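The values are calculated or read from the model by the stated rules, or taken from the named source; none is laboratory data. This structure is a prediction, so every number in the text was calculated from the model and none was measured. Here Cβ is always computed from backbone atoms with ideal geometry, including for glycine, and neighbour counts include all displayed protein chains. For the accessible areas, the whole protein counts, side chains as well, though only heavy atoms, and no ligand, DNA or RNA atoms are used. Shrake-Rupley method; radii C 1.70, N 1.55, O 1.52, S 1.80 Å.
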Amino acid sequence: MHPDDIPVPLRIARQAARTPDATAVSAPEGELTYRTFDRRARAVAGELRAAGAGPEDTVLVAVGRGADWAVAVLGIWYAGAAPLLVDPAAPDQRLRALLAAARTRYAVVTGHVAAAALRRRCGEELFWAGTRGEAPDAAADPAAVAPGSLAYVLFTSGSTGRPKPVAVGHAGLARQTAVLAERYGLTAADRVLQFAAPAFDVSLEEALPTWCTGGTAVFVDDNLASPAELEPFLARRQVTVVNLPTPYWAQWAKDVERRPRPLPPALRHVVIGSDAGRTADLVRWYAAGGPDVTSAYGLTESTITATCHATHPGPSAGTPDEVIPLGVPLDGVRAYVLDEALEPTADDAAGELYLAGPCLARGYHDRAALTAERFVADPFAAPGERMYRTGDRVRRAPDGTLRFLGRTDDQVKIRGHRVELKEVEAAVAAHPDVVDVVARAVPHQGEPQVVVYVAAVPGRALDGGVLRRDLAARVPGHLVPAQACVLPRLPRTPGGKLDVRRLPDPFAPRAAAARQPLAEPA
């Protein structure tokens, strides 16, 4: 077996045997050495096996961020089963729906009290294991994991409003973990921030490459803290690598530009993702002395990250107002840019991005029809190979770099002009008082209108007239939005993605106080 194909739980178990006294987890509730981490996970595995859990069974991870989450995930894998990653604070009705969709009969909790509370929330008894026990030295070895077996299930939002349970296999997870550990240069000396929400797959990307290389996963106390509030934590814990939602990092870049200060000294690398970034923020970041930034792109269906774009200080940071490229595919990932006939486009021509290779998830758990719709036959590979339709419009530069153009449904026609919403966002985001922005096409009186939802820099009053004059001086008139709706912050999911359902209707009477009309450009 190729080293990159060794299943993640086996690699972590081997690491625990090699460096038992090294710190695997640093969390608000304390630290775990690799020895303790391994023994507590084996205890979880023993309880789950005794309850009948095994391969292809999903197990609810019913604990929050921290050491218990780490033990729960590894313990489920040691049992041979698959973690079901959800938000433990989700409303009861949604939690029940997710458990039913994943056909889950098992859970990992902290102990008896938490198990009783979970039973009340779910309305049924789940077989459970606790995270606070510790197995003896003679405990059974972790279960052998088949490469094609189920590694985890994670729900993503669906266009129909019904969450989609993505089923990821161990083979894809193992390869992705190994490739990213090498890409980010991780070693046993690294202390990697655990920032993402437990129900977001980036949490696995933060932790697994770290544990497979013997480093320490440092769980943040509060991932709702502002970047300025996060800095002392990073410095105190000597964090070397962070993986942040792009809007959060962009806020940080703007903040250090406004209030110059030294950044945490141990920080050597920043990974950003979950949304399109802008080169103007790279310029700000590097001007402040920030470390190298890698922009990562991927989907749950592509086992998290599929492409990366490495940036460095200097001209490579890009020209302001550009969207940071998606970059190039990771080793083993095939990226196709195809037209509507599924034919490859020419260099620099727009097309839809399809991903293929061992990075692909198995599909949607128990959703064969939906799987067949999105995971289609790959006409460029051997029979039986699949490719995933991302819905993202891109173009490939002659050097192979992929550049993001927008979603397939993000192009609208305004006054006879074709408008890319990402282009509007980039123009608005260049204003120094804008900390976050998203552009949407909103129907009004039978015609689509471009609306921007904007969050201003804290303490700054954002004026629509000033914003209009700034835009009119830099962009064509058709890119000036019809309305700007100023919000305290843009609604986002725990993983950092925009929560479109929570955006207000800018044309409804209740939004009148929040929106700022922009006059038609001259």
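(1) in contact (Cβ under 8 Å) with a residue 40 or more places away in the chain; (2) not polar (S, T, N, Q); (3) not in a loop (DSSP other than H, G, I, E, B): which one isn't true of Gly332, the others all being true?
(3) is the only condition that Gly332 fails.
Between a first residue in region 437-466 that is without any contact (Cβ under 8 Å) to a residue 40 or more places away in the chain and part of a strand (DSSP E or B) and a second residue that is open to solvent by 20 Å² or more (accessible area, probe 1.4 Å) and acidic (Asp, Glu), which pairs have beta carbons less than 7 Å apart while being 6 or more apart in sequence or on different chains?
From region 437-466, the pairs are Ala455/Asp436; Ala456/Asp433.
Taking region 13-29 as the region of interest, how many residues are open to solvent by less than 30 Å² (accessible area, probe 1.4 Å) and modelled with pLDDT under 95?
0
What do you reckon, is Val59 part of a strand (DSSP E or B) and buried (at least 22 other Cβ atoms within 10 Å of the Cβ)?
yes
Working only within region 68-92, note down all residues that are over 17 Å from Glu56 (Cβ atoms), out of contact with any helix residue (DSSP H, G or I) (no Cβ under 6 Å at 6 or more places or on another chain) and surrounded by fewer than 24 Cβ atoms within 10 Å (Cβ to Cβ).
Result: Asp87, Pro88, Ala89, Ala90, Pro91.
Could you give every pair whose Cβ atoms fall below 8 Å, whose first residue belongs to region 163-184 and is in contact (Cβ under 8 Å) with a residue 24 or more places away in the chain and within 11 Å of Cys212 (Cα to Cα), and whose second residue is among the polar types (S, T, N, Q) and surrounded by fewer than 23 Cβ atoms within 10 Å (Cβ to Cβ), counting only separations of at least 6 or pairs across chains?
Ala181/Thr213
From the list Ala102, Ala89, pick out the single residue that is under 28 Å from Ile304 (Cβ atoms) and in contact with a strand residue (DSSP E or B) (Cβ under 6 Å, 6 or more places away or on another chain).
Just one listed residue meets the conditions, Ala102.
Could you run through region 84-109 and say how many residues are assigned to a loop (DSSP other than H, G, I, E, B) and not aliphatic (A, V, I, L, M)?
Of the residues in region 84-109, 6 are assigned to a loop (DSSP other than H, G, I, E, B) and not aliphatic (A, V, I, L, M).
Which residues, counting only those in region 280-297, are open to solvent by less than 30 Å² (accessible area, probe 1.4 Å), assigned to a strand (DSSP E or B) and out of contact with any Cys (no Cβ under 8 Å at 6 or more places or on another chain)?
Val293
What is the one condition in (1) open to solvent by 70 Å² or more (accessible area, probe 1.4 Å); (2) within 23 Å of the chain's Cα centre (by Cα) that Val438 does not satisfy?
So Val438 meets the others, but not (1).
What do you reckon, is Ala72 under 28 Å from the mean Cα position of the chain (by Cα), in a helix (DSSP H, G or I) and touching a residue at least 24 places away in the same chain (Cβ under 8 Å)?
Answer is yes for this residue.
Of Ala16, Ala43, Ala51, Ala72, which residue is in contact with a Gly (Cβ under 6 Å, 6 or more places away or on another chain) and of a type outside the set (Ser, Thr, Tyr)?
Result of the check over Ala16, Ala43, Ala51, Ala72: Ala43.
Identify the residue in region 460-486 that is surrounded by fewer than 18 Cβ atoms within 10 Å (Cβ to Cβ) and within 28 Å of Gly273 (Cβ to Cβ) and, among all such residues, is farthest from the chain's Cα centre (by Cα).
Arg474
Could you give every pair whose Cβ atoms fall below 6 Å, whose first residue belongs to region 348-363 and is surrounded by fewer than 23 Cβ atoms within 10 Å (Cβ to Cβ) and assigned to a strand (DSSP E or B), and whose second residue is of a type in the set (S, T, N, Q) and at pLDDT 95 or above, counting only separations of at least 6 or pairs across chains?
Gly351/Thr345
Just to be sure, is Gly215 open to solvent by 10 Å² or more (accessible area, probe 1.4 Å), touching a residue at least 12 places away in the same chain (Cβ under 8 Å) and small (Gly, Ala, Ser)?
When the stated conditions are applied, Gly215 does not pass them.
Mind counting the residues in region 237-269 that are open to solvent by less than 50 Å² (accessible area, probe 1.4 Å) and assigned to a helix (DSSP H, G or I)?
10
Could you tell me which numbered condition Gly215 fails, if it satisfies all but one of (1) modelled with pLDDT of 95 or more; (2) more than 25 Å from Trp285 (Cβ to Cβ)?
Tallying (1) modelled with pLDDT of 95 or more; (2) more than 25 Å from Trp285 (Cβ to Cβ), Gly215 fails exactly one: (2).
Going by the structure shown, is Val337 under 19 Å from the mean Cα position of the chain (by Cα) and of a type in the set (Val, Ile, Thr)? Steps first, please.
Details: under 19 Å from the mean Cα position of the chain (by Cα): no; of a type in the set (Val, Ile, Thr): yes.
The answer is no for Val337.
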